[in-house]
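The block underneath contains the structure these notes are about, expressed in structure tokens.
The values are calculated or read from the model by the stated rules, or taken from the named source; none is laboratory data. Remember, it's a predicted structure, so these values are computed and weren't measured experimentally. When we count neighbours, we look across all protein chains shown, and the Cβ atoms used for this are built from the backbone with ideal geometry, even at glycine. Surface accessibility is based on the protein's heavy atoms, side chains included, excluding ligands, DNA and RNA. Shrake-Rupley method; radii C 1.70, N 1.55, O 1.52, S 1.80 Å.
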Amino acid sequence: MVEWTEEERSIINGIFANMNYEDIGPKALSRCLIVYPWTQRYFSSFGNLYSPETIKANPQIAAQGITVVHGLDRAMKNMDNIKAAYTDLSILHSEKHHVDPDNFRLLGDCLTIVIAAKMGRNFTPDVHAAWQKFLNVVVSALGRQYH
Amino acid sequence: MSLNAKDKTIIRDFFKKISTRNEEIGNEALSRMLTVYPQTKSYFAHWKDLSPGSEPVKRHGVLIMNGVFDGVSKLDDLIGGLLDLSELHAFMLRIDPVNFKIFTHCILVVMSMILGEEFTPEIHLSVDKFLAQLSLALAERYR
């Protein structure tokens, strides 16, 4: 069981309350595909991923990015049992999409960097620590159902 | 994942642009690492104060960033240019190389924090590659 302090809950809720999903989602996913190009293997049906410019302009990638950050809502709303809340998402990623779980960490790192750019100085070490703890739990839950 | 000509141009230009902020970046990155990844504190048990922005943290942050900037000047032969630093890390400091990845991530987060949109995915890519190569050079003499 993961223990959250009141401060940590407040930090995580605050990040989501102030998040522009339509902005952050596409930025995080496209950054991941650019910085870690091997992750493109899961998006071969998404059209043109030829260069950073086309990746950033790709509407299917943008839509998927928004879907992903909304998926994080589920964890935020179920912080006391993220593992259970993510059971079917974990099965989906392993059985249907066959995603190497290490990719969750890579996307998480890109998401952190995009949020840091948005929050600037407000992304203090304590906020960063709470966010990283949250991501660690999410990434672990997503990888849970893998054979 | 070695550096191509485009990476080297991006890296040289970028680090020249941020050269006046190395103290700030070093301090922030190290403070952050100790807070976000508390297991890294194990290497600094001999410091009196491990809190973000404390004197030892600030001083050490600068030291590390100077090393990173030095790496930029040795871009064409990182392994050769960093042999002494590698020996220091291998035989004296003996820091587990997994921590180089952790610290690299903290540097990237700080760069993003202070530069915002200017820290584009393209720059992020080249800097990440550079820091990975730097980490490899640092670990060269480990075994």
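Please go through region A:125-145 and give me each residue that is within 8 Å of chain B (Cβ to nearest Cβ) and either open to solvent by 60 Å² or more (accessible area, probe 1.4 Å) or over 15 Å from the mean Cα position of the chain (by Cα) (or both), ordered by number.
A:Pro125, A:Asp126, A:Ala129
Counting only helices (runs of 4 or more DSSP H) that fall entirely inside region A:1-119 and contain at least 1 residues that are within 26 Å of B:Asp7 (Cβ to Cβ), the qualifying elements are A:21-35, A:52-57, A:59-77, A:102-119.
Picking from residues in region B:92-109 that are out of contact with any helix residue (DSSP H, G or I) (no Cβ under 8 Å at 6 or more places or on another chain) and part of a helix (DSSP H, G or I), the one that is nearest to the other protein chains (Cβ to nearest Cβ) is B:Val98. Out of curiosity, is A:Asn103 at negative phi and either within 14 Å of chain B (Cβ to nearest Cβ) or surrounded by fewer than 18 Cβ atoms within 10 Å (Cβ to Cβ) (or both)? So A:Asn103 does not fit the description; no. Among the residues of region B:1-30, those that are open to solvent by 10 Å² or more (accessible area, probe 1.4 Å) and of a type in the set (Gly, Ala, Ser) comprise B:Ser2, B:Ala5, B:Ser19. Picking from residues in region A:63-94 that are in contact (Cβ under 8 Å) with a residue 40 or more places away in the chain and either within 14 Å of chain B (Cβ to nearest Cβ) or of a type in the set (Lys, Arg) (or both), the one that is farthest from A:Glu8 (Cα to Cα) is A:Gly65.
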